[in-house]
Structures are given as structure tokens and as C-alpha cells.
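Okay, so here's the structure we're looking at.
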Amino acid sequence: MSSQQDPAPSASRPHQPQRSILRDLPEEVQVLIVENISADDDTNVETLGSLTQTCTDLYRIARRDFFRANNFKVFRKAVESADVSLMSRCEEYDAAPVHLTWCVEPSMKEYRPIDALLLNLDERLDNGRSEQFQDEIRGKVFESLKWLLERGADAEANWFSESLKDELPPERENMGFGHMPTRLLKQLQVNIGKRGVDVYLDMIELLSSHGFPNPTRADALVGLVAMDSEPYHQSAVTWMTKTHYPFCDRTMRAKYFVSSPLDLSLKPHIPPRLLELMLKEYASRGIKLRDWYDRCPDGLETTARGHWRNGCWWEHHGLVNGLVGELHAAVHSPTLTHWKESWHGEVADDFRQKVNIMVKYQMIDEEEEALLRSLLKALDSITAEIVAAGGLRDEHFKTSWIKLCDAVRPFLSDEYDLFYDAAVTRPPGPRRVHKFIIGDWWNPWEEYFVQSDAWRRLKLTKEALGEEEFSKQTQRCWEGHYDFEGEFLHGYFTWEDMPEWDEVDYEEWRRCFLKTFTLDRILAGNHFWISKHLKTELEKWCEANGGSTDDVSLGFKWWKQRIPTIKSE
């Protein structure tokens, strides 16, 4: 005798009798059921979602509660995924509170909607995203940001949006910084593609138009950048600008990082519109950057306020040294900047527009304008040389550096007030919000000498090791100028009695420097920064080459052929 049983209900085949009972209940009973379920704080969104699928009446009754359940979970997830269409659906049911704050997984930091939204933006070079996917994310974030701002969402940078310490210092709990979150600017340190840069600038302009201006502190781009995975934040210095290794590999700079928003706007891969926006924001406060002020100008007290101190940092020095390095890198170092000229002279054309903008908004005085136009003339000369040669050649790396630095040399004379001696204590008095200066510590001839000598030794090292073996090991001397100088210059040369760099051209400075070569410190072996093995190495090399350490010219040949010590496993 056989018997039959009803099949068990499943997700794909709901239990019809249960649905029939709910469907056939009077509407007032259906309302009571939904209200009782919604009143339970532990009720999840899925439970209410199931009710909405039961019948048309319950869909209508439970829909609003579904969107509001679990502290507006649907809206929170819509924001976190930059889903503007779902955000709009939440709004239809009065379930899109733009002033809500919640703990965003997995870091569990308390974020506002715009803070959570901007976490989607990740321009790290090693993020593993395709360019197509990045374009899609940027577009979704822009549309979602626009939606939130139009509804009054708060976008003022605060302690949490800037990823500062979890434990807030006293009286900092509700402190706003008076400007937009720095996350957008921090992700423009290197080029992310024209489309990407344009979308970021669209977002920055959008925030500014809603009353959230750019930061003004000279160190605003230092700090941390929030992440949605461990360790949940990363240093802004290393977020995008990884140390260029080897430091001398066709670049004059080991890093392409700047801490100042104004300095960032001058980078050649950033269109002039960002600089103009920043200067418009200053102008809207009645501030001219070329004017002098006895104290922090009205309107900057909040945006220039420091995170860690009560005072504000409202004055800023624009280093010509850094500007020269950025202009040179833009022409010659695409592996550093991730940007390349679309046409020869693009860097000059961009810089020309920016100088004109600075003049228009009275950012610079006559001396600064003369200096910047001198640099512009050098860029035009560099362009002409490259075009005449039919394109970039190796020798242009050196000639471009010399042209840019020669453009600066005349402005170090006493006739101009652009030289900055860090050793001189300046008395209290009027100061400018921004001023270009030439730092007394800058010696571009020495910088180029170090770079060229490092480049030469790098090739010798690769020949000795082979490219494959070289790539397997990291040697400290290739990490930066200072480490290289410690290995190959300190102990061999002296900077005493050397002419100032602006008094002679590069070739004359180089000749003077090489004349200071000495073996005395190596042979003495009693200087803490000189490895003791060098004396033995020198003696053996001289003996093998039929001479002695008394022969300085032979010692110079030993120095020229030296490469970093190769450690055996």
C-alpha cells in the first residue's frame, strides 16, 4: 500500500497555504502584523522583504517599514555601494535620512553618508581594479554625491572623515575643519588618467558650490586615508606615491608627493581649473594671496586650523625648488608621475595658463611673476630643443634641468626678496598667505651631480649582477639621495670653499667639486659614517692595479668604479 505526502516548502516553491492565510486576512490585521514585526529592533530587513512578496496588499503595507528597518539598512547599503537609484527609492518611502551616522563595516568607524560614499574611491596604483571599473565607480560616486548634497548632507571634514585617531582629544568631538574631506585631493598626487582627474575635479567643484571649500593648510594633504579593509587607514604619503626605486632611474625626485593643496594644483597633470577654483575661494573671502596680513585673515580661521594644535597655520611658502622638480619630472619622468605629455610643450602650455591665473587673482607680486615667467621661458626653450631633435633624447634630461635652474639663478641676488635663509629668525610682523621662495638649502647642481653619478653606478651594478639578480634585492643606497651620498660621496669630497651654485654654471661647479676629492678620511678609518672595510678594499684595489694609496689619481679611479657591496647569501 502506497501513501503520498505533500512536498516540503522551499525558497523557490513557497508554502501556498501560509500565503493564502496572510492574503485573506483583513487589512487592519495585516497592518497590525507589520507594525508588530517592525517594532522589534531585532527584525531584519529580509523578514519584511518576504512579507512584501506575499501579496499586493502586504507589499503596499510593509514596503515603507521594509526600507526603514534596521536603522535604514537599505539606505545605508545604497550609499555604501553608490547606488543612486536605490537611494531615490528609499526617499520615496521617507527612508533616506542624509544626516544619519552609522558604523561602516569592517572598520566599524562612525561615518556620515558622504564619508561612507567616498570610501568607494581607491586610486592606489596596486588596487587591482581595471580602468573601466574605476570609471564606473567614479561616475557612480559623483552622481551619489550630487544626490546627497542636493538634500543637505554634511560634507565638512571632521575628525572621522580625516581618519584621525579613534580616541578624540578633549573638545574635538564635534570639531569641523571648515573644508571638504581631503580624500579627493589626496588621490590626485599622481595622474589617474584624464577622465579620472576630470571626475575628481567635478566632485571638488560640486562640494565647493555647496559651501565646502578646499582646505587651505599647507600640510592638509599629510595624514591618513581611510580604507574599507585592514589596516583601515594608510599614510597619505604612501597611498599613491610609492618611493621610486632606484631613486635615480631617470628622475630627479624619489617621490612625487606634496603636502599643500596649492602645490598640488600646480602639478602639470592637474588642469588649471583646480588652481582657479582655489583662488576663487580665497577671493570670495576677500583675500589676495599677495597681500600682507598681521594675523590670520578673516575667513581662514577654520580651514587653516591644525588638527593637533589650537593655533592655525595660515601662511604658506611655495618652494621654487619643488616646482622645478615637478616641471622637470612632468617632461622626463613618466614612471614617477604616471603622466606623459600629449604633445611636446604641453607642460609649458599648462604652466602658462596657471601663471596667468595667478596674475588674474593677484596671487603673486611682480618679483614672483618675473621668476615664474623666467621658468616659463625655460620650458619653451626645452620644448623647442626637443622638437628640433625630433623627440626626447637622453641628453635632454640634463639640459632641461640646467635650463630650469638657470632660469632661477638671477633671482637669488639681493635685488629680489625671494631667497629664504632658514637660519635667520624673522621678527613678528605682517606675513602673506602664500609666497614663492627659493630655499637656502637647495643646491640643484649638487642634486644633478648625485643623480648622474648614481645613474652611472646603477648601470655598473646591473652589469655586475645582471638585471634579474638586481631586481631580486633591495639596496639602501638606491632608495634616496641621502643614502647614496652616504655610500659614495661622504668621506671622499668636501663642500668647504665650494662656490654657491648660483655663482657658477653646472660644469664649473662640477669641476670645483671633483677637485675636493681626498682619500684622507678613508685611510684614517676613524669616521663613524665611513665603513671601515673601505680602507682595506682601497688598499687591495690599488695593489692589484700596480700602485698604492699614495696615488690620489689611482684612488679616484677606484672610487669611480665602486658599486654597492654585493652581499652573498
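In table form, for the structure just shown:
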{"read-out": "Spin-label pair Asp228/Asp497, simplified geometry with 7 Å Cα→Cβ offset, distance in nm", "value": "6.5 nm"}
{"read-out": "Packing-based exposure ordering (other Cβ within 10 Å, fewest first) of Met278, Met203", "value": "Met203, Met278"}
{"read-out": "Full-stretch length increase - Asp219, Asp126 - with 0.36 nm per residue and alpha-carbon distance subtracted", "value": "31.0 nm"}
{"read-out": "Where only C-alpha atoms are counted, convex hull volume of the range 446-561 per residue in Å³", "value": "122 Å³"}
{"read-out": "Anchor Lys109: lysines whose Cα lies under 18 Å away (excluding residues fewer than 8 positions away in-chain)", "value": "Lys73, Lys77, Lys165"}
{"read-out": "At R0 = 25 Å, FRET efficiency that the Cβ-Cβ distance of Glu136 and Thr243 yields, to 0.05", "value": "0.25"}
{"read-out": "Contour minus Cα-Cα distance for His490 and Lys340 (0.36 nm per residue)", "value": "50.4 nm"}
{"read-out": "Amide H within-cut-off set for Phe436, under 5 Å, with H built and near neighbours excluded", "value": "Gly318"}
{"read-out": "Relative contact order (%) - criterion: Cα under 8 Å, at least six apart; region: the range 73-165", "value": "32 percent"}
{"read-out": "Within the range 446-561: Cβ-based charge dipole about Cα centre, in debye rounded to nearest 20 (Lys, Arg +1; Asp, Glu -1)", "value": "600 debye"}
{"read-out": "Where labels lie 7 Å past Cα in the beta-carbon direction, separation of Glu143 and Ala423 in nm", "value": "6.2 nm"}
{"read-out": "Sorted by Cβ density within 10 Å, fewest first, the residues Ser284, Ser208", "value": "Ser284, Ser208"}
{"read-out": "Within the range 155-283: Cβ-based charge dipole about Cα centre, in debye rounded to nearest 20 (Lys, Arg +1; Asp, Glu -1)", "value": "680 debye"}
{"read-out": "In nm, spacing of pseudo-spin labels at Asn356 and Leu514 (7 Å Cα→C-beta vector)", "value": "4.5 nm"}
{"read-out": "Potential extension, Glu537-Lys398 segment - 0.36 nm per residue separation minus Cα distance", "value": "46.8 nm"}
{"read-out": "Cα centroid separation, the range 354-390 to the range 520-562 (Å)", "value": "47 Å"}
{"read-out": "Rounded if a/c under 1.5, otherwise prolate or oblate - the range 442-509, Cα gyration tensor axes", "value": "prolate"}
{"read-out": "20 Å Cα cut-off, lysine pairs counted over the range 446-561 (separation 8 or more, or different chains)", "value": "15"}
{"read-out": "Ascending count of other beta-carbon atoms within 10 Å, so fewest first, for Arg183, Arg151, Arg63", "value": "Arg151, Arg63, Arg183"}
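We did not get these values from a lab; they are worked out from the coordinates using the rules stated. All values derive from a computational prediction rather than experimental measurement. Here the Cβ is made from the backbone with ideal geometry for all residues, glycine too, and neighbour counts use every protein chain on show.
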